[in-house]
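Please read the structure below before turning to the comments.
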Amino acid sequence: MKIGAATPIKKGRLEVVCGSMFSGKTEELMRKIKRSEYARQRVLVLKPQIDNRKSVTCIVSHDGRSRTAHALDSSDVAIQSVIEFAQAFDVIGIDEVQFFPDEIVRVIGKLIEMGKHVVAAGLDLDFRGEPFGIMPYLLAIADDVLKLKAICVVCAKDAHQTQRLVNGQPARYSDPIILVGAEDFYEARCRNCFVIDRTPSVLPVTQGLV
Ligand code: TMP
Ligand code: MG
Ligand code: ZN
């Protein structure tokens, strides 16, 4: 290295924990965070404000464990504020990352450039069995991906899909993607037991008939 040259910042990395609901993503995020804390790393935990299921100020796993988190709204300004905020931390944990808009991908990229270790947990698939929002992008740029599976409530095989049930019936394909909830609307299912109702919710307008 040239004498007097600035020491280059060592880049950070991105770990993504994905999988269906009830597969243990938040528990795994908490485990990773705890390990970092044992190593005296400074950890910042973030979550989207929209996830208000059990707490607005904590991330909460399905087994009831919780940990304080900073809730961010989905505006670009709020997401960009993380860059400043994160300066004082080594590890940035993000839960329910699938709910954030595109800007989170740019901000995560910036955090990695700044040398931060980012651990993001989120659903890879939505209730239709399709990639959830920004998740395909995060999975592609991640250094490490951990795909967790749940157990299918119907046949007890490994489950990687999330079944949404409305009044006990499979949700319709055209239903809104975002519906915050837990056992009240969702269960883990394998590919064979997963059902989606593809009938349109509004009958198509028939034109040109006399
Ligand atoms: P979990 O992965 O920590 O269990 O939480 C997933 C959250 O995402 C939960 O609030 C339900 C919500 N969700 C949607 O909004 N749309 C979906 O298609 C699915 C599968 C879950
Ligand atoms: Mg969770
Ligand atoms: Zn099954």
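Going highest first, how would you order 41-49, 121-129 by mean Cβ packing within 10 Å? Show your work: numbers first, answer last.
Working: 41-49: 19.0, 121-129: 21.8.
Per-residue mean Cβ counts within 10 Å order the peptides as 121-129, 41-49.
Ranking request for peptides 109-119, 62-72: highest mean number of other beta-carbon atoms within 10 Å first, then the rest in descending order.
Working: 109-119: 17.9, 62-72: 14.5.
Final packing ranking: 109-119, 62-72.
In segment 13-149, carbon and sulfur make up what percent of the accessible area (probe 1.4 Å)?
Working: 3010 of 6090 Å².
Within segment 13-149, the accessible surface is 49 percent carbon and sulfur.
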Q.
Please compute the volume of the convex hull spanned by the alpha-carbon atoms of the chain and report it per residue in Å³.
A. 176
Q) Could you give the length gained on full extension between Val77 and Thr57, defined as 0.36 nm per residue of separation minus the Cα-Cα distance, in nm? A) 5.3 nm
Q) Per residue, how much accessible area does segment 13-149 have with a 1.4 Å probe, in Å²? A) 44
**Q.** Rounded, prolate or oblate (a/c below 1.5 giving rounded, otherwise prolate when a/b exceeds b/c) for segment 33-90 by Cα gyration tensor
**A.** oblate
Q) Of Asn167, Ile9, Pro101, whose Cα points farthest to the positive end of the dipole of the chain (charges on the beta-carbon: +1 Lys, Arg; -1 Asp, Glu; origin at the Cα centre)? A) Ile9
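Would you mind calculating the gained length between Lys10 and Leu146 on full extension (0.36 nm times residue separation, minus the Cα-Cα distance), in nm to one decimal?
Details: separation 136, 0.36 × 136 = 48.96 nm, distance 2.36 nm.
Extra length available between Lys10 and Leu146 comes to 46.6 nm.
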Q.
Quick check: residue separation of Asp158 and Glu84 times 0.36 nm, minus the Cα distance between them. What number comes out in nm?
A. 22.5 nm
Q | Zero-based 10 Å bins, Cα pair distances in segment 1-50, whole percents | A | 18, 38, 23, 14, 7, 1
**Q.** Close Lys-Lys pairs in segment 13-149, where close means Cα under 19 Å and separation is 8 or more or interchain
**A.** 13
Q) According to a simple spin-label model (label point 7 Å from Cα along Cα-to-Cβ), what is the distance in nm between Arg42 and Asp197? A) 5.1
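The values are calculated or read from the model by the stated rules, or taken from the named source; none is laboratory data. Note that the structure is predicted; figures quoted are calculated from it, not measured. Every residue, glycine among them, receives a Cβ derived from its backbone with ideal geometry; neighbour counts consider all protein chains shown. Surface areas here come from the heavy atoms of the whole protein model, side chains and all, with no ligands, DNA or RNA. Shrake-Rupley method; radii C 1.70, N 1.55, O 1.52, S 1.80 Å.
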